[in-house]
1. Within the bounds of the range 92-99, is there any residue that is in a strand (DSSP E or B), farther than 23 Å from Gln222 by Cβ and of a type outside the set (Lys, Arg)?
2. What residue, of Asp40, Asp61, is at positive phi, away from ligand 1 (no atom under 16 Å from the Cβ) and at pLDDT 95 or above?
3. Within the range 46-58, can you find the residues that are assigned to a strand (DSSP E or B), polar (S, T, N, Q) and within 8 Å of ligand 1 (Cβ to nearest atom)?
4. Keeping to the range 105-126, report how many residues are small (Gly, Ala, Ser) and either within 16 Å of ligand 2 (Cβ to nearest atom) or surrounded by 15 or more Cβ atoms within 10 Å (Cβ to Cβ) (or both).
5. Considering only residues that are in a strand (DSSP E or B) and either touching a Phe, Trp or Tyr at 6+ places or on another chain (Cβ under 9 Å) or of a type in the set (A, V, I, L, M) (or both), look in the range 64-91 and name the one that is farthest from ligand 1 (Cβ to nearest atom).
6. For Pro202, indicate whether it is more than 22 Å from Gln223 (Cα to Cα), in contact with a helix residue (DSSP H, G or I) (Cβ under 6 Å, 6 or more places away or on another chain) and touching a residue at least 40 places away in the same chain (Cβ under 8 Å).
Amino acid sequence: MTTVTIQAGQTHGARGAVADTGGGSRTSASARTSIVALSDVEKVYRTDRIETVALSQISLDVQAGEFVSVMGPSGCGKSTLLNIVGLLDTPSRGRVTINGTPVTDASDRVLARLRNREVGFVFQTFHLVPDLRVIDNVEIPLLYRSMPGSDRRQAARDALERVGLAARMHHFPSQLSGGQQQRVAIARAIVGRPSLLLADEPTGNLDSQMGDEIMGILLDLQQREGTTIVMVTHDQRQADRTERIIRLFDGRLVQ
Ligand SMILES: Nc1ncnc2c1ncn2[C@@H]1O[C@H](COP(=O)(O)OP(=O)(O)OP(=O)(O)O)[C@@H](O)[C@H]1O
Ligand SMILES: [Mg+2]
């Protein structure tokens with residue numbers, strides 16, 4: 001097991017996250033750098049009548065190369081947390097740093113670049129474009145980069161190969177099983193080689209065998225490519241395969 005650094009006030013999980021002893025099997029903690037840093041993050045949703053505190057006093061660090069699960073009951077703020085880390089939403093207060101860049105006051109240009117270059121997002125419900133073939137779906141994130149079409153194609157092919165779906169590249173999403181669609185979504189999330197992969201219940205809509213397959217791909221990405229992964233899951237069995245579990249309850253980290 002790799003060592004992980006636990007900050008005060010932060011939870012750890014079933015794999016027995018330990019205090020840093022510097023004796024990690026793959027990378028020593030001292031060699032790791034923080035890729036996600038949240039400091040005292042709060043998120044309040046306000047509608048006409050109701051104020052919902054979705055997140056409160058969240059401080060946490062995710063180190064480069066770590067695979068972390070986020071667990072907790074429905075409505076506890078897991079997706080809100082992931083959306084903030086993935087720069088799809090902004091906190092009401094607190095500081096967020098992604099790969100060394102403080103994002104709280106960053107310009108839209110900087111945010112867009114970080115979102116496109118550093119972060120890959122996998123959603124529970126895949127979010128593939130139904131009218132586009134698999135290969136064209138996977139190419140989407142690269143359209144925002146100045147890159148020759150042939151290089152884009154090759155990168156998309158490589159990503160599909162990575163998830164074992166090269167043979168399906170000319171299919172439409174509706175012609176694939178749920179597990180295959182999720183694999184396409186993972187290929188799309190990794191095609192731009194992001195340093196950080198965020199997955200919101202990526203196995204939530206799949207049976208356990210498909211779920212295992214998706215977990216296998218994520219673990220392989222972490223181990224072979226060094227991709228940092230933060231995954232929301234309700235599945236204790238899948239969470240147990242990751243290095244650390246962060247637990248949320250009512251918007252707060254719990255021990
Ligand atoms: N856009 C919004 N406007 C108002 N309230 C919101 C909004 N999005 C989320 N919330 C509220 O914030 C809280 C946290 O929601 P969130 O979606 O993060 O929960 P979750 O842990 O992902 O739940 P689930 O396991 O059901 O997906 C909930 O009480 C929810 O109702
Ligand atoms: Mg959610």
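1. Narrowing the range 92-99 to residues in a strand (DSSP E or B): 93-98.
After this cut, where a residue has to be farther than 23 Å from Gln222 by Cβ as well, the list is 93-95.
Restricting the remaining residues to those that are of a type outside the set (Lys, Arg) gives 94.
Yes, some residue in the range 92-99 is in a strand (DSSP E or B), farther than 23 Å from Gln222 by Cβ and of a type outside the set (Lys, Arg).
2. On the way: Asp61 fails: at positive phi.
On inspection, the qualifying residue turns out to be Asp40.
3. Taking the range 46-58 and keeping what is assigned to a strand (DSSP E or B), we get 46, 51-58.
From the residues that got through so far, the ones that are polar (S, T, N, Q) too are 52, 56-57.
Passing the criteria: only Thr52.
4. Going residue by residue through the range 105-126, those that are small (Gly, Ala, Ser) are 106-107, 112, 120.
So of that shortlist, the ones also either within 16 Å of ligand 2 (Cβ to nearest atom) or surrounded by 15 or more Cβ atoms within 10 Å (Cβ to Cβ) (or both) come out as 106, 120.
Residues flagged as small (Gly, Ala, Ser) and either within 16 Å of ligand 2 (Cβ to nearest atom) or surrounded by 15 or more Cβ atoms within 10 Å (Cβ to Cβ) (or both) within the range 105-126 amount to 2.
5. Here is the first cut: in the range 64-91, the residues in a strand (DSSP E or B) are 67-71.
Add one more test, that the residue is either touching a Phe, Trp or Tyr at 6+ places or on another chain (Cβ under 9 Å) or of a type in the set (A, V, I, L, M) (or both), and what stays is 68, 70-71.
Numbers: Val68: 15, Val70: 8, Met71: 9 Å.
For the range 64-91, the residue satisfying everything is Val68.
6. Numbers: more than 22 Å from Gln223 (Cα to Cα): no; in contact with a helix residue (DSSP H, G or I) (Cβ under 6 Å, 6 or more places away or on another chain): yes; touching a residue at least 40 places away in the same chain (Cβ under 8 Å): yes.
Spelling it out, it is not the case that Pro202 is more than 22 Å from Gln223 (Cα to Cα), in contact with a helix residue (DSSP H, G or I) (Cβ under 6 Å, 6 or more places away or on another chain) and touching a residue at least 40 places away in the same chain (Cβ under 8 Å).
Residue by residue, here is whether (1) part of a helix (DSSP H, G or I); (2) under 26 Å from Ile98 (Cα atoms) holds:
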{"position": "Gln124", "(1), (2)": "no, yes"}
{"position": "Glu139", "(1), (2)": "yes, yes"}
{"position": "Gly164", "(1), (2)": "no, no"}
{"position": "His171", "(1), (2)": "no, no"}
{"position": "Thr203", "(1), (2)": "no, yes"}
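The values are calculated or read from the model by the stated rules, or taken from the named source; none is laboratory data. Quick caveat, the model's predicted, so the values are computed rather than measured. Virtual Cβ from ideal backbone geometry, glycine too; neighbours counted across all protein chains shown.
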